[in-house]
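The values are calculated or read from the model by the stated rules, or taken from the named source; none is laboratory data. For clarity, every value in this text was computed on a predicted model and none was experimentally measured. Here the Cβ positions follow ideal geometry from the backbone for every residue, glycine too, while neighbour counts run over all protein chains shown. Protein only, heavy atoms only, side chains kept; ligands, DNA and RNA dropped before computing areas. Shrake-Rupley method; radii C 1.70, N 1.55, O 1.52, S 1.80 Å.
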Amino acid sequence: MTEASKTTGSLFEFGSKWDYAPAPEARDWVKLQSRYELFIGGKFVAPHSGRYFQTVSPSTEEVLAEVAEADEADVDAAVAAAEEAQRAWVALRPSERAKYMFRLARAVQERSRELAILESLDGGKPIKESRDVDLPLVCAHLFYHAGWADKLDLAFQGRAWRPLGVAGQIIPWNFPLLMAAWKIAPALACGNAVVLKPAETTPLTALHLARICQEIELPPGLVNIVTGAGTTGAALASHARVKKVAFTGSTDVGRKIQSAIAGSGKKLTLELGGKAANVVFGDAALDQAVEGIIGGIFFNQGHVCCAGSRLLVEESVAEELIAKLKDRMRTLRVGDPLDKNTDVGAINSKAQLETIRGLVRSGEEEGAERWSAPCELPGKGFWFSPTIFTGVTNTHRIAREEIFGPVLSVLTFRTAEEAVEKANNTMYGLSAGVWTSKGSKSFWMAQRLRAGVVWANTFNKFDPTAPFGGIKESGFGREGGRHGLNAYVEIEG
Ligand code: NAP
Ligand code: MG
């Protein structure tokens, strides 16, 4: 089995087809522009304000490019282009829409190497993740939704449905291209056009996706990319002719968007933060659980909304498990995201590094015990050693707040009832994990854990056919699967 198929085990893997060049040559695969414009109506256009911001590589602090900052006028132009394109898109036969979408999926698949390198360069994630997880999933989402484009009557079981029009989509920096695919694919499949706002620190893969849209002659205006910061996102969400807002990001910003558009009649889905419990019972296969815990919290430097950031371990095996965990953490390689042997890459931004440091300080001050894997961190760039806190209680900030970094909080329990109570003692409800050798116990737990997704003896597994989303303060609405299509149509009756 190749390294890639072990990770993804899906049809959509390319990792095995291209081995990886060392960092300096890898970069040559990507033709970076020194400046990126907005993508509106199928063309790259300068921003109305003439303003640009820089995007840096978080592993070197090197400025990669300057990127246009969209203001209200640009957002308005993008929405107008999308409206026009949507009218033509919806007039096409569904099978024609599907053809365009398959073409897009294939083009992205062919360009996976370039896009994976770019993702690691701009965002700091290890190339083995962008190559073997992100890009295969991006393609899987595009192919999956292309498949729905001419089968929607089936999806909606014969009920009358209509596309919504223009979708305004706002995404975060942790899975930039994957979140773009999660947003764009169902919207187009259901006959809508989109205006997408990438996060300020990771705009480049969405802009290369725009180039691909242009090259495959996707109808101009169907996909528009407006880069910028929070104000660009706010302008997009509240634009009067945007009929649907899809947001993935923090709970705070999600709340702001919800109140900004209240009463407007816009359809809204929110995919927000999380503080998942990863529950390990004494009867679990502990070595397997250790791998799941490591992947659950250190994958993508812990910049994962559904990260298993609270480890709940049965007291009887806590000591043994924590010792195994520390041994495994000592083997993690932290460093250059473009090195294929790297396990933990760079923290996405200086601001995020400060947030992580602040929360780790609070953990120490509140009396939890910190242990960080001994590793040499590069001098330049933004880095944080894989860290665990033991002796954590539910009142500690590190047990309640999303750290969004490579930091695990460990709590213990004695009974399954206590595990459920502790796991559910959070404002979030995005994901959870259970490790046990007893199937009946997994089901018992899954029925009681208040989370959108519960993994048993695995963690962080995604598939486009499975709806994903949260409850409580983790948001509402689902992305993926047949459920995910509902967010992009109006169904009559
Ligand atoms: P964020 O600060 O909420 O930003 C998300 C996006 O919203 C960015 O594009 C941001 O632009 C934009 N934005 C900021 N202020 C806005 C406003 N007032 N109106 C409209 N848009 C605005 O989140 P983040 O720091 O990028 O991402 C981390 C968060 O995302 C975490 O909480 C994580 O749990 C969550 N997340 C959730 C999921 C999920 O599926 N549930 C998946 C991934 C991440 P700028 O970045 O350019 O300012
Ligand atoms: Mg960047």
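Summary table below
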{"item": "Selection count, the range 440-465, where residues are touching a residue at least 12 places away in the same chain (Cβ under 8 Å), open to solvent by 40 Å² or more (accessible area, probe 1.4 Å) and under 15 Å from the mean Cα position of the chain (by Cα)", "result": "2"}
{"item": "In the range 406-423, the residues that are in contact with a strand residue (DSSP E or B) (Cβ under 8 Å, 6 or more places away or on another chain) and either of a type outside the set (Ser, Thr, Tyr) or surrounded by fewer than 24 Cβ atoms within 10 Å (Cβ to Cβ) (or both)", "result": "Pro406, Val407, Leu408, Val410, Leu411, Thr412, Phe413, Arg414, Ala419, Lys422, Ala423"}
{"item": "Residues located in the range 182-201, provided they are under 19 Å from the mean Cα position of the chain (by Cα), part of a strand (DSSP E or B) and either under 20 Å from Arg87 (Cβ atoms) or without any contact (Cβ under 8 Å) to a residue 24 or more places away in the chain (or both)", "result": "Val194, Val195, Leu196"}
{"item": "Any pair with Cβ under 7 angstrom, 6 or more apart, that starts in the range 202-221 at a residue that is open to solvent by 10 Å² or more (accessible area, probe 1.4 Å) and ends at one that is within 16 Å of ligand 2 (Cβ to nearest atom)", "result": "Leu209/Leu177; Leu209/Ala180"}
{"item": "Residue that is nearest to Ala187 (Cα to Cα) [pool: residues in the range 124-139 that are open to solvent by less than 10 Å² (accessible area, probe 1.4 Å) and within 16 Å of ligand 1 (Cβ to nearest atom)]", "result": "Val138"}
{"item": "Residues (in contact with a helix residue (DSSP H, G or I) (Cβ under 7 Å, 6 or more places away or on another chain) and of a type outside the set (D, E, K, R)) located in the range 347-371", "result": "Ile347, Asn348, Leu359, Ser362, Gly363, Ala368, Trp371"}
{"item": "Filter result (under 25 Å from Phe462 (Cβ atoms), in contact with a helix residue (DSSP H, G or I) (Cβ under 9 Å, 6 or more places away or on another chain) and part of a helix (DSSP H, G or I)) within the range 404-448", "result": "Ala419, Val420, Ala423, Asn424, Lys441, Trp444, Met445, Arg448"}
{"item": "Residue in the range 236-255 that is among the charged types (D, E, K, R), open to solvent by 10 Å² or more (accessible area, probe 1.4 Å), in contact with a helix residue (DSSP H, G or I) (Cβ under 6 Å, 6 or more places away or on another chain) and more than 29 Å from Arg414 (Cβ to Cβ) present", "result": "yes"}
{"item": "Tally of residues being of a type in the set (A, V, I, L, M, F, W, C), within 12 Å of ligand 1 (Cβ to nearest atom) and out of contact with any strand residue (DSSP E or B) (no Cβ under 8 Å at 6 or more places or on another chain) across the range 174-224", "result": "3"}
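Matching residues to (1) touching a Phe, Trp or Tyr at 6+ places or on another chain (Cβ under 7 Å); (2) of a type outside the set (Lys, Arg):
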{"site": "Ala234", "(1), (2)": "no, yes"}
{"site": "Phe247", "(1), (2)": "no, yes"}
{"site": "Gln258", "(1), (2)": "no, yes"}
{"site": "Gly263", "(1), (2)": "no, yes"}
{"site": "Ala284", "(1), (2)": "yes, yes"}
{"site": "Arg310", "(1), (2)": "no, no"}
{"site": "Leu321", "(1), (2)": "no, yes"}
